[in-house]
Amino acid sequence: MIGWSVIRVCDVTPPAELNVPLDRTAPSMARAFLRQTYCDAHHARVLDEAELLVSELITNGIQHGAPPIALRVTCDGSSGLRVAVRDGSPQTPLARDAGPEDDSGRGIALVDMLSTSWGVETSEAGKVTWFTLT
Ligand SMILES: [Zn+2]
């Protein structure tokens, strides 16, 4: 199993993790989980964008990744809210331009546009796609 990166964590809100169901409720469940677990002491301003981007990552993970899919929400103090989605496929998503009819490239393009930083970490066991918002 691929591990989560070790990062600095704020002392207000502990990291939270959700095992994401592989069905159409997943994006809304992920958004609800994010709202419940994100750090409002540091990152109340970025919640709307974080909800949008987590939906895109979860949708990507279900459409193009492989189970199991997990979501992790971490506050990195004032330097960022970090959201990571882990899945069992080592294939990396492409940040290509996508038209309005093309679901597959749009998610990562949005993450690239709106996040403060993002990336993909792969291993033989799968990958973690993450973004931060400040
Ligand atoms: Zn915090």
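General observations
- The label-point distance for S123 and N19, in a model that sets each label 7 Å from Cα toward Cβ, rounds to 1.9 nm.
- R45-S78 pseudo-label distance in nm [points 7 Å out on the Cα-to-Cβ vector]: 1.1 nm
- Potential lengthening between V12 and Q91 on full extension [0.36 nm per residue; Cα-Cα distance subtracted]: 25.0 nm
- Per-residue Cβ neighbour rank within 10 angstrom, fewest leading, S89, S78: S78, S89
- Considering only Q91, S79, S115, the residue lying farthest towards the positive end of the dipole of the chain is S79, judged by Cα position with unit charges set on Cβ.
- The chain, relative contact order [Cα under 8 Å, separation at least 6], %: 27 percent
- Within the chain, the whole DSSP H helices whose Cα atoms reach 15 Å or more along their own axis and whose mean Kyte-Doolittle score is at least 0.0 are 47-64, 103-114.
- When peptides 53-64, 120-131 are ranked by their average number of other Cβ atoms within 10 Å per residue, the highest-first order is 53-64, 120-131.
- Stretch gain in nm, segment A66-M113, where the contour uses 0.36 nm per residue and the Cα spacing is subtracted: 14.4 nm
- The dipole here belongs to the range 16-133: it is taken about the Cα centre, uses +1 on the Cβ of Lys and Arg and -1 on the Cβ of Asp and Glu, and is about 240 debye.
- Kirkwood radius and radius of gyration were both taken over the C-alpha atoms of the chain, and their ratio Rg/Rh is 0.94.
Values in this text are rule-based calculations from the coordinates and carry no lab data. Here the structure is a predicted model, which is why all the values come from computation and not from measurement. Reconstructed Cβ throughout: ideal geometry from the backbone, glycine too, with neighbour counts over all protein chains shown.
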